[in-house]
Structures are given as C-alpha cells and as structure tokens.
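Peer 1: Supplied in structure tokens, the structure appears directly below.
Any read-out appearing in this document is the output of simple, stated calculations on the displayed coordinates, not a laboratory observation. As the structure is a prediction and not an experimental result, all values here were calculated from the model. Note that we place each Cβ from the backbone using ideal geometry, even for glycine, and neighbour counts take in every protein chain shown.
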Amino acid sequence: MGAIHRDFTCTATQQLISDENVLRQYCLLANDGDATIYLGLDMPAQSNKGIPLNANGGSYEINLTNPFKGRIYAIGDATGPKLMVTEW
C-alpha cells in the first residue's frame with residue numbers, strides 16, 4: 001500500500017478524516033491553517049476537547065509505537081483551517 005496524501009478544510013462541523021483501517025501503519029495529521037483543529041479518535045470531534053493541533057504546524061503522528069486503527073474525526077472553526085494528512 002502506497003502513501004495517500006489528502007487535505008481537508010476543517011469547519012465548525014466535524015468530519016470524518018480517515019475511516020477505520022486495520023492495515024494503517026502510519027498517519028501524520030498536520031495543521032496548515034491559522035486556527036486550532038481538534039481531533040477525535042473513534043469519537044466525534046468537539047471544539048476545545050480531544051487532541052488539539054495548534055495553528056501553523058501543530059501535528060499528531062500515528063505510527064508503530066503509537067498505533068491507532070480506528071476512525072479519525074476533525075473539527076476546526078469558521079475560518080476553515082486546512083488539515084494535511086499523509087497515511088499508509
């Protein structure tokens with residue numbers, strides 16, 4: 001399986017970023033916007049709760065030492081910060 005690169009505009013409505021994937025070996029989620037993005041792992045993303053990705057480069061990495069195979073959700077705000085995702 002090769003790397004998949006995607007980007008999302010994270011508004012104030014949560015969205016599914018990556019579905020459950022039992023084959024996931026790696027995933028990097030990086031905030032390329034100017035507002036905080038919040039992640040929800042196997043639960044709905046909510047503003048000011050969950051895993052925050054700070055503006056302008058905040059990131060979260062899923063790898064062999066920090067594995068996660070479930071659904072990944074994200075939420076931003078009205079400014080629509082961009083979330084960059086690389087996964088394999």
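Peer 1: Sort out which residues of region 51-77 are surrounded by fewer than 18 Cβ atoms within 10 Å (Cβ to Cβ), closer than 17 Å to Leu16 by Cβ and not charged (D, E, K, R), and write them in order of number.
Peer 2: Correct list: Ile51, Phe68, Gly70.
Peer 1: A follow-up question, please. From the list Gly80, Gly40, which one is surrounded by 12 or more Cβ atoms within 10 Å (Cβ to Cβ) and touching a Phe, Trp or Tyr at 6+ places or on another chain (Cβ under 8 Å)? Write out each step before concluding.
Peer 2: Numbers: Gly80 fails: touching a Phe, Trp or Tyr at 6+ places or on another chain (Cβ under 8 Å).
Answer to the check: Gly40.
Peer 1: Within region 22-35, can you find the residues that are of a type in the set (S, T, N, Q) and more than 15 Å from Tyr73 (Cβ to Cβ)? Lay out the reasoning, then the answer.
Peer 2: As a first pass, look at region 22-35 and keep what is of a type in the set (S, T, N, Q): 25, 31.
Gln25, the sole residue that qualifies.
Peer 1: Continuing with the same structure: Tell me, please, whether a residue that is in contact with a Ser or Thr (Cβ under 6 Å, 6 or more places away or on another chain), surrounded by 15 or more Cβ atoms within 10 Å (Cβ to Cβ) and not β-branched (Val, Ile, Thr) can be found in region 12-26.
Peer 2: No - not one qualifying residue is present in region 12-26.
Peer 1: If a residue has to be out of contact with any Leu (no Cβ under 6 Å at 6 or more places or on another chain) and touching a residue at least 40 places away in the same chain (Cβ under 8 Å) to count, how many in region 30-66 make the cut?
Peer 2: Of the residues in region 30-66, 6 are out of contact with any Leu (no Cβ under 6 Å at 6 or more places or on another chain) and touching a residue at least 40 places away in the same chain (Cβ under 8 Å).
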